[in-house]
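Q: Have a look at the structure that comes next, please.
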Amino acid sequence: MEHSNLWAPWRLGYIQGLGNSPDCFICHNLNHPQLDQENLVLWRTGASIVVLNRFPYNNGHLLIAPARHIPDLTQASDQELLELIKLVRESQKALSLIIKPHGFNVGMNFGRCGGAGLPGHLHIHVVPRWQGDTNFMSVCSDTKVISQSLAELLQMLKQVSKEHNLPSLTIDDRTGTTKNER
Ligand SMILES: [Zn+2]
C-alpha cells in the first residue's frame with residue numbers, strides 16, 4: 001500500500017517540534033485539500049482536521065488532529081484543546097448515526113514508547129466498539145477490502161454530516177463567530 005511506509009517509526013522518529021513536516025501524513029493531508037477524498041479527510045475545521053484511519057483498529061476509526069504540527073497537549077492552546085474535544089463529541093455523533101457502535105474507545109498515545117504511530121503530530125483516536133468485536137483485524141486483514149469499505153464509509157459520514165450539520169462547533173468563545181469550514 002502506497003502510504004504504508006508513513007507509519008514506519010524508523011522514518012518518523014526524527015520528527016519533533018513545531019512547523020509542518022513533509023513526512024507527516026497529517027500535515028500532508030492538511031496541505032493537499034485537492035486529495036481529501038483519497039486521503040479520507042472527513043472534516044476540516046478552523047484549527048483541526050478529522051480523517052478516517054487508513055489502518056483502522058475497528059470500523060469507523062477516526063483521527064482528530066490540530067492543524068499545527070505539535071507532538072502533544074503541552075503545546076496546544078486552550079482554543080485548540082476545546083476544538084479537539086468538541087470534535088470527539090461530533091465524531092461520536094456522526095459515527096452513531098451511521099454505524100451505531102455500542103461504545104467507543106477515545107485515546108491518545110504520546111511518544112514512540114507510548115505507542116504513537118506518528119509521534120510528531122498530536123492526534124486523538126476515536127474507535128467505535130461493538131460487543132464481540134475483538135477479532136475485527138484478523139477477520140478484515142485484506143487491505144483492499146478495507147480500502148473499499150473506507151471510501152464507502154467516508155461517503156456515508158459526509159452525507160450524514162450534511163444532513164445533520166456536523167461538525168457543530170457552536171460559538172467561538174473569543175470572536176463570537178462560528179467555526180465550521182467543512
Ligand atoms: Zn504534522
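Q: Please give the peptides 55-66, 105-116, 155-166, 82-93 ranked by average Cβ packing (other Cβ atoms within 10 Å per residue), highest first, as a rough proxy for protection.
A: Working: 55-66: 22.2, 105-116: 13.0, 155-166: 15.0, 82-93: 19.0.
In decreasing order of mean packing, 55-66, 105-116, 155-166, 82-93 become 55-66, 82-93, 155-166, 105-116.
Q: Once you put a point 7 Å from the Cα of Asn165 and another 7 Å from the Cα of Leu97, both along the Cβ direction, what distance in nm separates them?
A: 1.1
Q: Could you line up His28, His102 from fewest to most neighbouring Cβ atoms inside 10 Å? Walk me through the numbers before you get to the answer.
A: Numbers: His28 16, His102 10.
So the ranking, lowest neighbour count to highest, is His102, His28.
Values quoted throughout were computed directly from the atomic coordinates according to the rules given, and no laboratory measurement underlies them. On a predicted model such as this, the values are computed, not experimentally measured, just so you know. All Cβ positions, glycine included, derive from the backbone under ideal geometry; neighbour counts span all protein chains shown.
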